[in-house]
Each structure stands twice: as structure tokens, then as C-alpha cells.
Amino acid sequence: MQPILVQTTVEVSAQAEIIAKETDAAKVIEASAAEAEAASAKKAAECTAIKEDAEAGLAKALPALAAATKCLAKLQKSDIVEVKALGNPPQGVRTTLSAVCMLYGIKGDMVPNPEGGKKIEEFWKKAQGLLANPKEFLDGLISYKKEEMEEAWVKKVGPTIESEDFTAEKIRKVSVACEAICMWCHAMH
């Protein structure tokens, strides 16, 4: 029995070493898993914050979009024809249609700055192209795929949207048609 006992002791010692190595490896894996779990929890918290922020923005934007769409639906082809016919439109009309061009990703023409200095981007000629078919223009605004807007377009139109002169109330004073389009621009932004 003595030789069997010695052999068993050796085997048990070998298995104890294997178990000790596997236990150490399991502790490393457990620590790694704990780190991954903490990182995952942090990411989940960030995602939740982003989701809540997006939902708050959406809750604010959806009523504005509904109001803008309702206002656009009231516009007639003749309203757009009137805007297009303006040879030298007021600044509010130019600003409104510039914002539409930016949200459509249309680049303006570079023209000399009347105040001197660097050239500025002018959108009136491009806007007249959009207004060429009034029904198509209105339908395009109403069915605009906001999900396909590029971030660069939104950033580009940002300063226009944030301007104190670009409000529906102020634009209404120069053009009733552009008031609805201004509301649309704000809702899209």
C-alpha cells in the first residue's frame, strides 16, 4: 500500500499545482471581467445620457416641426411665385432661402463682400433655382428627409438659425411665405 500511497500523494501534489495555476488564471480573468463590466456600465450610463438628451431635443423639435409643416401646408403656389419674382429681395427673404440652401447642402456663389474684405457666400441665384417649380419646392420641404441631413449642413446653418433677426416673427414682416419656411428651418435645425 505504501507505493500506492506515495504515487497518490505525487498525483495529488501535481493536481494541486495545476489547480493553483488555474486559480491564479481565473483570478486574472475575474479581474479583467470586473474591469470590462465597469467600463460597460460607464458606457451604458453615457449612452443613457445621450438618449435622454436626444429625446429631450426631439420632444422640443417635433412640435416645432408639426407647426412648420402645418404652416407650409397653408402656402400656395402663388406665395412661392411671389418670392421668386423678387428682383432684389429684402434681407429676411435672402436669409431664409440661404438657410434652406444650407440645409439642402447647396453651396452658394462666392461674391465680393459689399463691405470689403473677403468674399462672401451668396445663395440667391441658387435659391431661385429651388423656387423654379413652386409645387416641387413646397413638397420637398414637407417631405424633407431630416434623417439624411449631414452634420456639416446643420453646423453651417447654425449661426443663421441663432441670429436674433431670423425669427418667424421678424421674417413675417418681410414675407408671409418666408415665415413658414423660417419655421421649417428652425425645426430642421
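Tally the residues that are of a type in the set (S, T, Y) and more than 15 Å from L97 (Cα to Cα), restricting the search to segment 145-172.
Of segment 145-172, the ones of a type in the set (S, T, Y) are 160, 163, 167.
Still in the running and more than 15 Å from L97 (Cα to Cα): none.
Selection size over segment 145-172: 0.
Within segment 90-106, work out how many residues are assigned to a helix (DSSP H, G or I) and open to solvent by 30 Å² or more (accessible area, probe 1.4 Å). Outline the logic, then answer.
Here is the first cut: in segment 90-106, the residues assigned to a helix (DSSP H, G or I) are 91-103.
Okay, now just the ones that are also open to solvent by 30 Å² or more (accessible area, probe 1.4 Å), so 91, 94-95.
Within segment 90-106, residues that are assigned to a helix (DSSP H, G or I) and open to solvent by 30 Å² or more (accessible area, probe 1.4 Å) number 3.
Can you find a residue in segment 176-188 that is β-branched (V, I, T) and within 19 Å of I80 (Cβ to Cβ)? Break it down stepwise before answering.
At the first step, the residues of segment 176-188 found to be β-branched (V, I, T) are 176, 181.
Checking which are within 19 Å of I80 (Cβ to Cβ) leaves us with 176, 181.
Yes, segment 176-188 has at least one match.
For segment 175-189, name all the residues that are open to solvent by less than 10 Å² (accessible area, probe 1.4 Å) and under 21 Å from the mean Cα position of the chain (by Cα).
I181, C182, W184, C185
Of a type in the set (D, E), in a helix (DSSP H, G or I) and more than 30 Å from C182 (Cα to Cα): which single residue out of E82, E52, E37 fits that description?
Among E82, E52, E37, only E37 is of a type in the set (D, E), in a helix (DSSP H, G or I) and more than 30 Å from C182 (Cα to Cα).
Suppose we keep only residues that are open to solvent by less than 70 Å² (accessible area, probe 1.4 Å) and at pLDDT 75 or above within segment 58-67. Which one would you say is farthest from the chain's Cα centre (by Cα)?
We begin by selecting, within segment 58-67, every residue open to solvent by less than 70 Å² (accessible area, probe 1.4 Å); these are 59, 61, 64-67.
Narrowing further to those that are at pLDDT 75 or above: 59, 66-67.
Values: A59: 14, A66: 18, A67: 20 Å.
Ranking the candidates gives A67 first.
Return the pair list, or none, for Cβ contacts closer than 7 Å from residues in segment 73-102 that are under 26 Å from G158 (Cβ atoms) to residues that are of a type in the set (S, T, N, Q) and in a loop (DSSP other than H, G, I, E, B), at least 6 apart or on different chains.
Here the result reads V83/S175; G92/S175; V93/S175, each pair linking segment 73-102 to a residue that is of a type in the set (S, T, N, Q) and in a loop (DSSP other than H, G, I, E, B).
Only residues in segment 160-189 that are more than 20 Å from E122 (Cα to Cα) count as the first member; pair them with residues that are not in a helix (DSSP H, G or I), Cβ under 6 angstrom, at least 6 apart or cross-chain, and list the lot.
A177/L75; A180/L75
Which residue, of K156, K135, K126, K170, is assigned to a helix (DSSP H, G or I) and within 19 Å of A64 (Cα to Cα)?
On the way: K156 fails: within 19 Å of A64 (Cα to Cα); K135 fails: within 19 Å of A64 (Cα to Cα); K126 fails: within 19 Å of A64 (Cα to Cα).
After applying the criteria, what remains is K170.
So which of Q76, Q15 ends up being under 30 Å from L130 (Cα atoms) and open to solvent by 60 Å² or more (accessible area, probe 1.4 Å)?
Details: Q15 fails: under 30 Å from L130 (Cα atoms).
Being under 30 Å from L130 (Cα atoms) and open to solvent by 60 Å² or more (accessible area, probe 1.4 Å) holds for just one of Q76, Q15, which is Q76.
The values are calculated or read from the model by the stated rules, or taken from the named source; none is laboratory data. What you are looking at is a predicted structure, and each value in this text was computed from that prediction instead of being measured. Here Cβ is always computed from backbone atoms with ideal geometry, including for glycine, and neighbour counts include all displayed protein chains. Surface areas here come from the heavy atoms of the whole protein model, side chains and all, with no ligands, DNA or RNA. Shrake-Rupley method; radii C 1.70, N 1.55, O 1.52, S 1.80 Å.
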